[in-house]
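Take a look at the structure below.
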Amino acid sequence: MRFDFTTEEKEFKNQLSSFLDEALPEDWHGPADESRDDHWALNQQIKRGLAERGWLVMSWPKEYGGADSSPMMNTIFAEQMAYRRAPGHDRFGTRMFGPTLMRFGTEEQRKKYLGSIARGEIQWCQGYSEPNSGSDLASLQTRAIDKGDYFEVTGAKIWTSLAHRADMMFMLVRTDLDATPHKGISLLMVDMKAPGVEVNPIINMAGVHSFNQVVFDQVKVPKENLIGDMNDGWRAGMTVLNFERSGIDYAAWARAALEELIDYVKSEDSEVNSLKSDPTVGRKLAELQVEVEAARLMCYDVSYRQGKGEIPSSEASMSKVVATETYIKVLDYGLELLGMYGVLEPGSNQAELQGRFFKLRMFYTSGPILAGTNEIQKNIIAQRGLGLPRK
Amino acid sequence: MDFGLTETQELIRSSAREFLEQNSSPEVVRVIASGDDEAISTLWKSVVDLGWSSLTVSEEHSGAGLTFSDLAVLLEELGAHLAPTPLVESSISVWIIERYGSDSLKSELLPQISSGEILVTPAIVERDASWDPESTRVAATQSDSSLIVSGEKRFVAFGERATHALTLVRIYDQPALAVIPIWQAENVEKTPLDHASGVPVCSLSFNEFEVGQSNVLATGNTAIEAAKELIAVGSVARSAQLAGLGRAVVNATVDYTANREQFGRAVGSFQAIQHHLAEMAIASKQVNHLVHVAARSFSRDGYSIEAAARAKIAASDKISQVCWTAHQCHGAIGFTWEHNLHLYTRRALAWKTDYGDSAFHQSILAEALGL
Ligand SMILES: Cc1cc2nc3c(=O)[nH]c(=O)nc-3n(C[C@H](O)[C@H](O)[C@H](O)COP(=O)(O)OP(=O)(O)OC[C@H]3O[C@@H](n4cnc5c(N)ncnc54)[C@H](O)[C@@H]3O)c2cc1C
């Protein structure tokens, strides 16, 4: 066992860190609100910079724009980006869809799309969930009818993050109504500018436009946009979810927030000055630091195992549960420390830490819900990981 | 023992429900949260017309003379409907004026409060966000028959609408609790805060603000005692609202999960969800019991500071957790702005710290236990 980073990993982390020092505006606290044009412009600008340095997809093979490095490099990248609350990487493309395409796509599809993901040229979004198909994704109803030389897609996706900024969507559609639910599904790529695609904003409980409803009305999708075999999309689609399921962003966000709280308690400028004299504050922050560190190790373990060619499904679920819950614990304690100031919204007069903790707490209520709810993850841990009976 | 409601309380509850369903619907709550002053006035006027502002005012001052327990039943319903109206602020001020005011102050203020002519709101917390009356810094100097007040009170609920603030100051080194008129007064600046509670909250900054000596309710140790009682009565009032809020969230979540189907069955049929809901229901019941015991302890002769602390500790910690678990049970739909759940969550978070968070009340309870 060895728990420090290699020289190469350390060097990369430093380089990325200095790049972000330059690229992020002074006094940047994030997170980016991609519905804001200035934040989106920043996202694009940083993405270009990262792509130029070859950092977006380091673990990919060289032929597709990667650097053949270990998954650990990706984890370090994701961790550092999240720790700085930096915008500028398209998780949907680099982390989920790209790897899936590598596995299930045709050579032509890989050539056409992987390079553009590596170069950060297009934004992807993920069209899986539907109003009646959340945890039970296999019940999805959006239809794709085979019209000979194209598919005609009709239906609606919901909760689609960043659809309002995306160029392309990878989506699960039903192509066989008669087959059992899992067997009649296919994975398609759809151009968001195609006629018949309509993106309707949904505002989240933090007051931010982060996800959408996407309606498809007889949208023509070229046949060559099918990934893998017809009616075999479930397998490919689930691979995406495996890639999606890491807690590293949350673990890093938790660490950033915890450090911010520690600084706040130490700071001479904080209004809530009783904090310094209360011994329970230090103990609680220490307790949280243990959880943050443990969450981080869980996430490293996942990428270590991936690097050895394993598919650590149960470990990935564990890291997702632990990291999303740890982040929330840190944010909750932040609100507690801020006391009466904790419930001032960002932009309010007299807000402390710019009302950031309140907004973050609202926003990351979604952590244990998205990418497979934590209840579903715990089912996976118990059944797949611990081998407990399903019934 | 009797865990049941009295006839009066049953009546209060049913008429409150009927009224609030109409007049404090989620639409009204949202409109008021977005800053609609007129909607606040309309609702408050109806509340006064129903006689709720005079519920605990003694009969000799033209009130209904009901108990704090009776009021708690009403506040629970207000909480369940997130009613954006200053009844807690007004009622707890009444409580303190009844207990500590001189006869002349009582007969001057209480009938006007009952009739809605004036609105009194407590203004206790200062910059350091502390609910400890001893940490008061706002200073007053004495000249002839008046006080000159300078300093800032923060987080004053309905401070922009209130005609009077019930506030704690220091005259030189002596604490003093006073009801001071802030309506259209000069030398008091109101800074609005964008507050999660969805009701208007502001800071009040006094700049050599002159108040008549007759407005002082209590001084010295009595002022501190009165302030402590104000915080205790406020914390029980907030806990009663939180109890109602928790119950409403449990009911809404039972409703949702019993009807939302995934995998061909109601999500409420999965044990993971059932256990979430069972925990929520337990928490909300615990709070409910502690609140009613605490409310019962308040009489014209005194109150139990321990029961009050217990109620607020439980309500603060448990009800916000009830809301978060409710979000988890709702999935993505409960994460939207359009869904009403976050209105409850925001309010629960605001009430969690109002009149002291659980850490504050744990210290009080520990002290009461001789620790
Ligand atoms: C911020 C955010 C962003 C999102 N972005 C995207 C996106 O970009 N693309 C996309 O396709 N989707 C996206 N989603 C949707 C997300 O994948 C779903 O919300 C999630 O799968 C849960 O589905 P649901 O919301 O319909 O909840 P439901 O499935 O209705 O679940 C409701 C409750 O029931 C529980 N439950 C359900 N089944 C079981 C079970 N078998 N055992 C125990 N408990 C169960 C759940 O855990 C939950 O608590 C996003 C969601 C959020 C909140």
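Could you derive backbone 3J(HN,Hα) for segment A:95-101 from the dihedral phi with the Karplus parameters 6.51, -1.76 and 1.60 (θ = phi - 60°), listing whole Hz in sequence and x where the residue is Gly or Pro?
Taking θ as phi minus 60°, the curve returns 9, 9, 6, x, x, 5, 5 Hz for segment A:95-101.
With a cut-off of 20 Å, note down the residues of segment A:133-151 whose backbone N falls inside the zone around a label point 7 Å from the Cα of A:ASN231 toward its beta carbon.
Under cut-off, by backbone N: A:138-151.
Going by the alpha-carbon gyration tensor, a ≥ b ≥ c the square roots of its eigenvalues, is chain B rounded (a/c under 1.5) or, if a/c is not under 1.5, prolate (a/b greater than b/c) versus oblate?
prolate
Angle, helix A:7-23 long axis vs. longest principal axis of chain A, Cα atoms, 0 to 90°, nearest 10?
Roughly 80 degrees, rounded to the nearest 10.
Can you tell me, using C-alpha contacts under 8 Å and at least 6 residues apart, the relative contact order of chain B as a whole percent?
RCO, chain B: 16 percent.
Can you give the relative contact order of chain A as a percent, counting alpha carbon pairs under 8 Å and 6+ residues apart?
This gives 13 percent for chain A.
How far is it, in nm, from the label point at A:LYS223 to the one at B:GLU279 when both lie 7 Å from their Cα along the line to the Cβ?
5.3 nm
For chain B, what does the helix formula give at 222 nm: sum of -39500 (n - 2.57) over DSSP H segments with n ≥ 4, over the residue count, nearest 500 deg cm²/dmol?
Dividing the helical sum by the residues of chain B leaves -17500 deg cm²/dmol.
What whole-number distance in Å separates the alpha-carbon centres of segment B:312-371 and segment A:66-145?
Using only Cα atoms to place each centre, the spacing works out to 37 Å.
Mind jotting down the distance between the C-alpha centroids of segment B:181-237 and segment B:240-269, whole Å?
39 Å
Taking the dipole about the Cα centre of segment A:284-391, with the C-beta of Lys and Arg at +1 and of Asp and Glu at -1, give me whichever of A:GLN354, A:CYS299, A:LEU335 is farthest to the positive side.
Highest projection toward the positive end goes to A:CYS299.
Computed from the mean reciprocal separation of all distinct C-alpha pairs, what Kirkwood hydrodynamic radius does segment B:120-221 have, in Å?
After inverting the mean inverse Cα-Cα distance, the result is 13.4 Å.
Which whole-number percent of Cα pairs in the protein assembly as shown have a distance greater than 43 Å?
Of the Cα pairs, 34 percent sit more than 43 Å apart.
Rounding to the nearest 20 debye, state how big the charge dipole of chain B is about its Cα centre with +1 on each Lys and Arg Cβ and -1 on each Asp and Glu Cβ.
Computed charge dipole of chain B: roughly 1100 debye.
Counting other Cβ atoms within 10 Å, which chymotrypsin sites (Phe, Trp or Tyr not before Pro) in segment B:6-78 have at most 15 and lie in a DSSP loop?
none
Report, ordered by chain and residue number, the lysines lying within cross-link reach of A:LYS62, taken as a straight Cα distance under 23 Å and ignoring same-chain residues fewer than 8 apart.
A:LYS10, A:LYS13, A:LYS47, A:LYS111, A:LYS112, A:LYS308
What distance in nm separates the two pseudo spin-label positions at A:ASP38 and B:THR42, each 7 Å out from Cα along the beta-carbon direction?
Taking the simple label geometry, A:ASP38 and B:THR42 are separated by 3.7 nm.
Name the residues whose placed amide hydrogens come within less than 5 Å of the amide hydrogen of B:ALA165, ignoring near sequence neighbours (fewer than 5 apart) on the same chain.
Hits under the 5 Å cutoff: B:THR121, B:ILE180, B:ILE182.
Just check segment A:246-385 against the gyration tensor rule for me: Cα atoms, a ≥ b ≥ c as the square roots of the eigenvalues, rounded for a/c under 1.5, and otherwise prolate or oblate depending on whether a/b exceeds b/c.
It is prolate, given that a/c is not under 1.5 and a/b is the larger ratio.
Whole Å is fine, so just give me how far the alpha carbon centre of segment A:1-47 lies from that of segment A:151-196.
Distance between centres, Cα-based: 32 Å.
Going by alpha carbons, how many degrees (0 to 90, nearest 10) lie between the helix axis of A:37-52 and the longest principal axis of chain A?
That works out to roughly 80 degrees.
Rounded to the nearest 0.05, what FRET efficiency is calculated for B:GLU261 and B:THR6 with R0 set to 56 Å and r the Cβ-Cβ distance?
Efficiency, from the Cβ-Cβ distance: 0.85.
Work from the charge dipole of the protein assembly as shown (Cβ charges, +1 for Lys and Arg, -1 for Asp and Glu, about the Cα centre) and give the residue of B:TYR355, B:GLN262, B:LEU341 farthest towards its positive end.
B:GLN262
For chain A, which longest stretch is free of loop sites, where a loop site is one of the GluC sites (Glu not before Pro) that DSSP puts outside H, G, I, E and B and that has at most 10 other Cβ atoms within 10 Å?
In chain A, the maximal stretch lacking such sites is A:27-267.
Given H placed on each backbone N at 1.01 Å, which residues far from B:SER146 in sequence or on other chains put an amide H within less than 5 Å of it?
B:GLN213
Just how large is the dipole of the protein assembly as shown about the Cα centre, in debye to the nearest 20, putting +1 at every Lys and Arg Cβ and -1 at every Asp and Glu Cβ?
With only Lys, Arg, Asp and Glu charged at Cβ, the dipole is about 2680 debye.
Using unit Cβ charges (K, R positive; D, E negative) and no other charged atoms, how large, in debye to the nearest 20, is the dipole of segment B:7-115 about its Cα centre?
160 debye
Could you work out [θ]222 nm for chain A from helices alone, using -39500 (n - 2.57) per DSSP H run of at least four and dividing by all its residues? Round to the nearest 500 deg cm²/dmol.
Calculated at 222 nm, the ellipticity per residue is -14000 deg cm²/dmol.
Of A:ILE262, B:ILE282, B:ILE364, B:ILE224, how do they rank once you tally other Cβ atoms within 10 Å and put the fewest first?
Lowest to highest Cβ neighbour count: B:ILE282, A:ILE262, B:ILE224, B:ILE364.
Using Cα positions and a limit of under 21 Å, work out the lysines in reach of A:LYS157, with same-chain residues fewer than 8 apart set aside.
Straight-line reach from A:LYS157, under 21 Å: A:LYS183, A:LYS193, A:LYS220, A:LYS223.
Can you find, among B:VAL199, B:SER150, B:LEU166, the residue farthest towards the positive end of the dipole of segment B:140-231? Put +1 on the C-beta of Lys and Arg, -1 on that of Asp and Glu.
Value computed over the given set: B:VAL199.
Using only the alpha carbons, work out the radius of gyration and Dmax of segment A:225-277 in angstrom.
According to the Cα coordinates of segment A:225-277, Rg and Dmax are 22.3, 65 Å.
Among A:LEU226, A:LEU56, which comes first, second and so on when ranked by fewest other beta-carbon atoms within 10 Å?
Least crowded to most crowded, the residues run A:LEU226, A:LEU56.
What's the angle, to the nearest 10 degrees (0 to 90), between helix B:341-353's Cα axis and the longest principal axis of chain B?
Helix B:341-353 sits at roughly 40 degrees to that axis.
How would A:ASP178, A:ASP229 line up from fewest to most surrounding beta-carbon atoms within 10 angstrom?
Placing the least packed residue first, the sequence is A:ASP178, A:ASP229.
Any lysines with Cα under 16 Å of the B:LYS312 Cα? List them, leaving off those in the same chain fewer than 8 positions away.
Reachable lysines: B:LYS228, B:LYS285, B:LYS352.
Please say if segment B:1-100 is rounded, prolate or oblate, where rounded means a/c under 1.5 for a ≥ b ≥ c the square roots of the C-alpha gyration tensor eigenvalues, and otherwise the choice is prolate for a/b larger than b/c and oblate otherwise?
Oblate, because a/c is 1.5 or more while a/b does not exceed b/c.
Between beta-carbons, use under 13 Å as the cut-off and find the net charge around B:CYS329, counting Lys and Arg +1, Asp and Glu -1.
That sum, taken over residues with Cβ under 13 Å, equals -2.
Since every read-out is calculated from the coordinates, none of them should be taken as a lab result. Not measured: the values here are computed from a predicted model. We place every Cβ from the backbone using ideal geometry, glycine too, and count neighbours over all the protein chains shown.
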